[in-house]
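The values are calculated or read from the model by the stated rules, or taken from the named source; none is laboratory data. Since the structure is predicted, the reported quantities are computational estimates derived from the model, not experimental observations. Glycine gets a Cβ as well: all are built from the backbone with ideal geometry, and neighbour counts include every protein chain shown.
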Amino acid sequence: MATQALLDVRRLTKAFGGLTVLREVSFKVRPGRATAVVGPNGAGKSTLLHCVVGSAEADSGAVLFDGVVLRESSAVVRAAVAAVLDDFDFFPDLSVAEHLGLYAHAHGTDEPDEVVAEVLDDLGLEAVADQLPATLSSGQRRRLALASCFVRPRRLLVLDEPEQRLDVAGREWLAERLLAEKAAGVAVLLATHDAALLEAVADDRVDVGA
Ligand SMILES: Nc1ncnc2c1ncn2[C@@H]1O[C@H](COP(=O)(O)OP(=O)(O)OP(=O)(O)O)[C@@H](O)[C@H]1O
């Protein structure tokens, strides 16, 4: 029997003025599986991810998380859903390591200092651990945003074009990391334009704007 879906998206429809961007989009994501949202620029991928995590409201349809209507403010959802959408906002006066420590502590990670050290190493951020966000390169800022997902407990990862601004090694790391997340039972929903990442990681695809 197939594992029960963690995320169940049902007939989501969303329009901006006269432009219908999402038309009855339905899909499920199960633990240990990855669904990739694909489509050309402007097709509605980011809109779909925002509607899924609750930061935008669909005109109709439903999003169920673990069988319950997903609400962004729910403690269960906040504890389980790690998302990187858009450009991430950082506290200007907290260093890279302090940001990650804050996330880890706030989400109740076991042994937070060890986990932060591992993720800094994993993402090649050790050398900039004491720097403030404004002093990071754009790729390092992207790595920090992604790192924030991996220092906290998670059951569902939602990532909008996570490959953006990553170098070749960073993209290879990302594919391996997402495979490891799946192996650990995490459900992954990502929008991507990266054919190699899609091939390596995605079990299912949702085409928008087709
Ligand atoms: N707040 C908004 N108000 C009006 N139109 C919007 C708004 N947000 C998105 N749109 C429009 O909805 C469409 C889908 O945008 P969206 O950002 O979801 O596309 P995307 O598939 O993520 O594109 P890309 O590949 O370029 O990131 C676009 O035509 C965009 O202009």
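Structure notes:
- The requirement of being touching a residue at least 40 places away in the same chain (Cβ under 8 Å), within 16 Å of the ligand (Cβ to nearest atom) and in contact with a Phe, Trp or Tyr (Cβ under 7 Å, 6 or more places away or on another chain) is fulfilled somewhere in the stretch 200-207, by at least one residue.
- Test result for A147, over 15 Å from the mean Cα position of the chain (by Cα), over 23 Å from Q4 (Cβ atoms) and not charged (D, E, K, R): no
- Filter pass, S46 being within 16 Å of the ligand (Cβ to nearest atom), within 30 Å of D121 (Cα to Cα), small (G, A, S) and in contact (Cβ under 8 Å) with a residue 24 or more places away in the chain: yes
- Test: S95 is at pLDDT below 95 and either more than 16 Å from the chain's Cα centre (by Cα) or surrounded by fewer than 19 Cβ atoms within 10 Å (Cβ to Cβ) (or both): no
- Answer from R177, R142 - the residue that is part of a helix (DSSP H, G or I) and within 16 Å of the ligand (Cβ to nearest atom): R142
- Filter result (within 17 Å of L156 (Cα to Cα) and either surrounded by fewer than 19 Cβ atoms within 10 Å (Cβ to Cβ) or polar (S, T, N, Q) (or both)) within the stretch 187-210: T192, D203, D204, R205
- Matching residues in the stretch 30-79 - criterion: being of a type in the set (A, V, I, L, M, F, W, C), modelled with pLDDT of 90 or more and part of a loop (DSSP other than H, G, I, E, B): A43, A56, A58
- When T109, T192, T135 are screened for being within 16 Å of the ligand (Cβ to nearest atom) and of a type in the set (S, T, N, Q), only T192 passes.
- Identity of the residue in the stretch 107-128, touching a residue at least 12 places away in the same chain (Cβ under 8 Å) and part of a helix (DSSP H, G or I), that ends up surrounded by the most Cβ atoms within 10 Å (Cβ to Cβ): V116
- Taking the numbered list (1) part of a loop (DSSP other than H, G, I, E, B); (2) in contact (Cβ under 8 Å) with a residue 60 or more places away in the chain in turn, Q131 passes all entries but (2).
- For the stretch 1-41, taking the residues that are polar (S, T, N, Q) and over 28 Å from E176 (Cβ atoms), the one that is farthest from the ligand (Cβ to nearest atom) is identified as S26.
- Failed criterion for D59 (all others in (1) surrounded by fewer than 18 Cβ atoms within 10 Å (Cβ to Cβ); (2) under 25 Å from Q4 (Cβ atoms); (3) within 16 Å of the ligand (Cβ to nearest atom) hold): (2)
For every residue, the table says whether it meets (1) more than 15 Å from G32 (Cα to Cα); (2) among the small types (G, A, S); (3) at pLDDT 95 or above; (4) under 10 Å from the mean Cα position of the chain (by Cα).
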residue	(1), (2), (3), (4)
R155	no, no, yes, no
D160	yes, no, yes, yes
R165	yes, no, no, no
A175	no, yes, yes, no
L178	no, no, yes, no
G209	yes, yes, no, no
